[in-house]
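What follows is a set of notes on a single structure, which appears directly below.
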Amino acid sequence: MTFSYAEIFSDKERFIPELLYGRQNDLKKLVNLVSKQDLTLFFIKGPRRSGKSSLLLTLLKILSNGEYKEKFGVKDYWIPIMVKLDAVSSPISLSNLLLRRGITNYTLKKLNVRKIPTYAKAFSEKIEEQLSTAKSLGGGVNLGSVGASFNKGKSFAFPFSLDLSLVADILYEASENSKIIIMFDELQYVYENWKGDRSLFLQFLKKISDEYYDKIKVVMTGSIIRPAELLLSKDYTEELHGRHIEEYDIREISFEDAEKMLIDGFNSAKISYDDYIISSALNLTFRIPGWLAYFGKYYVETKKFDNAISKSYEEMGSQIKEEVRKLKKIKKKEYYDKAIDVLVKKGKLSPTELSKELNISTHEAEIILNNLNYIDFIDEKGELSDYTVISLKRDFKEMQCPVCNKGKALIVEGLHYFVQFSCKHIVKL
Ligand SMILES: Nc1ncnc2c1ncn2[C@@H]1O[C@H](COP(=O)(O)OP(=O)(O)OP(=O)(O)O)[C@@H](O)[C@H]1O
Ligand SMILES: [Mg+2]
């Protein structure tokens, strides 16, 4: 199969296995893991733009699309339900959304599964059946406007006040001989916005984990991992205490895969490149798929390395800055800009250092560092935990390969990381 550069360098989430560079093993492993009876809840971690959402969407596609099922040895009949939680503000709206998505086969359509399988159609009908039974029993179901606006040619009661726990029952009952995989993305919004209702979300997970583990699996991620982790805390005071959540980490892709991605795209765009350009691009984007995609797109557009790097840094940087802006508790934005500058330079930041740099109290510095940790910029030790933060600063340097003294490449200054030179030697700085 060949793809256009627009597909290879697309900045949208993707769900075609062949377009997921460097993730073939992860896909195989995940297909295996979700097929296990004793694993129910999954949490995918990784830096910004590393491809968490794409990985999960692609997993859903593989599980439900005939051609890929065969290739990956999938035996079960899977029904995918995908939910992005950014616009879901309450348990009730999540209940409605889950049922609506179940009924309409929304996710299959979204994933371009051309032929909706019979078992998925049966699943939709079963949900409707259950809802009309619930309605005739008068159980918290309302024929309100939500149902009416959702036109399937027949009128059925649309849930209005069904709680999430009941939704789990309905989905489970309706699934019959198939299995359901629910994908929750942008998990951080439940932590941020649901407040008192968080526990209802967790009870939903708990119920699935305790009672429905044989047929329902839940895969989760978010673009900011820390609040998602806090949400899924298994502290003994929390709902999920004692439940297993399988964590799965993804990181940058290998030099080989990253190089292949760029070369495939450039060849398809019939654009020339050389080893210096490719190696430098791998070094400056840290081989993070989303960053590589930005670079590739702009290199095809402008045919100039400098422009492409600078535009890709702008795109990454604006994603990152948005995170800081979204911090509700943030008071003095200038302090954060400065803190990030220092952080990027030193790779590590302690409250004392920061208070000196900014001329503020250690207490204030601590608050800033806590907030930077909350949005994943630094880990508990104050160390830079996500290289995508580097996009806010550009400190490049041309280096000669220390192995052969011949190859060259651009690198990001001040960091200790693996880089490749035009001679193809890979060196840890
Ligand atoms: N394995 C991959 N190979 C090539 N491109 C990829 C790969 N994974 C993701 N991409 C591309 O990278 C970009 C980011 O992907 P995605 O949105 O899935 O990442 P994410 O980790 O969910 O990001 P965010 O932190 O913004 O939520 C998209 O343009 C996507 O098409
Ligand atoms: Mg994402």
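Annotation note: Cβ proximity below 8 Å between a residue of region 365-394 that is farther than 21 Å from Y417 by Cβ and a residue that is among the hydroxyl-bearing types (S, T, Y) and open to solvent by 50 Å² or more (accessible area, probe 1.4 Å) (sequence gap 6+ or interchain) occurs for A365/T352; I368/Y335. Residues of region 297-331 that are open to solvent by 100 Å² or more (accessible area, probe 1.4 Å) and either modelled with pLDDT under 85 or of a type in the set (S, T, Y) (or both): R325, K328, K329, K331.
Looking at F15, F9, F3, just one residue is under 15 Å from P289 (Cβ atoms) and more than 21 Å from the chain's Cα centre (by Cα), and that residue is F3.
Residues are listed down the side, and each one gets a yes or a no for (1) at pLDDT 95 or above; (2) more than 10 Å from ligand 1 (Cβ to nearest atom):
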site	(1), (2)
D26	yes, no
E67	no, yes
I92	no, yes
L111	yes, yes
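Might you let me know whether region 301-312 holds any residue that is in a helix (DSSP H, G or I), farther than 29 Å from S272 by Cβ and of a type in the set (D, E, K, R)? Scanning region 301-312, I find no residue that is in a helix (DSSP H, G or I), farther than 29 Å from S272 by Cβ and of a type in the set (D, E, K, R), so the answer is no.
Among the residues of this structure, I92 does not count as one that is open to solvent by less than 10 Å² (accessible area, probe 1.4 Å) and either in a helix (DSSP H, G or I) or in the same structural domain as P227 (by TED's automatic domain parsing) (or both). The test for being out of contact with any Asp or Glu (no Cβ under 8 Å at 6 or more places or on another chain) and not hydroxyl-bearing (S, T, Y) does not hold for F42.
Candidates K36, K61: the one that is among the basic types (K, R), more than 10 Å from ligand 1 (Cβ to nearest atom), over 12 Å from the mean Cα position of the chain (by Cα) and over 20 Å from D214 (Cβ atoms) is K61. A single entry from I8, I62, I81 fulfils the requirement of being closer than 30 Å to R198 by Cα and modelled with pLDDT of 95 or more: I81.
Can you find, within region 230-255, the residue that is nearest to ligand 1 (Cβ to nearest atom) among those that are open to solvent by 50 Å² or more (accessible area, probe 1.4 Å) and without any contact (Cβ under 8 Å) to a residue 12 or more places away in the chain? In this case the residue turns out to be K234. Since Y276 meets every condition but one in (1) in a loop (DSSP other than H, G, I, E, B); (2) over 24 Å from M1 (Cβ atoms), which condition does it not meet? Here Y276 clears every test but (1). Return yes or no: is L19 in contact with a strand residue (DSSP E or B) (Cβ under 6 Å, 6 or more places away or on another chain) and open to solvent by less than 20 Å² (accessible area, probe 1.4 Å)? Judged against the criteria, L19 is not a match. Identify, please: which residue in region 39-51 is open to solvent by less than 10 Å² (accessible area, probe 1.4 Å) and not in a loop (DSSP other than H, G, I, E, B) and is, among those, farthest from ligand 1 (Cβ to nearest atom)? In this case the residue turns out to be L41. Residues considered: K345, K381. Of these, the only one that is assigned to a loop (DSSP other than H, G, I, E, B), outside the structural domain of P47 (by TED's automatic domain parsing) and surrounded by fewer than 21 Cβ atoms within 10 Å (Cβ to Cβ) is K381.
I'd like to check something: does region 65-77 contain any residue that is open to solvent by less than 20 Å² (accessible area, probe 1.4 Å), more than 14 Å from ligand 2 (Cβ to nearest atom) and of a type in the set (F, W, Y)? Checked against the condition, which is being open to solvent by less than 20 Å² (accessible area, probe 1.4 Å), more than 14 Å from ligand 2 (Cβ to nearest atom) and of a type in the set (F, W, Y), region 65-77 yields at least one hit. All conditions but one from (1) outside any loop (DSSP other than H, G, I, E, B); (2) under 17 Å from the mean Cα position of the chain (by Cα); (3) crowded, with 21+ Cβ neighbours inside 10 Å apply to G222; the one that does not is (1).
Yes or no, residue by residue, for (1) in contact (Cβ under 8 Å) with a residue 12 or more places away in the chain; (2) touching a helix residue (DSSP H, G or I) at 6+ places or on another chain (Cβ under 7 Å); (3) more than 16 Å from ligand 1 (Cβ to nearest atom); (4) hydrophobic (A, V, I, L, M, F, W, C):
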| position | (1), (2), (3), (4) |
| --- | --- |
| D11 | yes, yes, no, no |
| F15 | yes, yes, no, yes |
| E18 | yes, no, no, no |
| G73 | yes, no, yes, no |
| I79 | yes, yes, yes, yes |
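One residue stands out among those in region 95-110 that are of a type outside the set (S, T, N, Q) and crowded, with 19+ Cβ neighbours inside 10 Å: the one that is nearest to P17 (Cα to Cα), which is L108.
The values are calculated or read from the model by the stated rules, or taken from the named source; none is laboratory data. Note that the coordinates shown come from a computational prediction; the quantities given were computed from them, not determined experimentally. Every residue, glycine as well, gets a Cβ built from its backbone with ideal geometry; the counts of neighbours run over all protein chains shown. Keep in mind that these areas ignore ligands, DNA and RNA; they rest on the heavy atoms of the full protein, side chains included. Shrake-Rupley method; radii C 1.70, N 1.55, O 1.52, S 1.80 Å.
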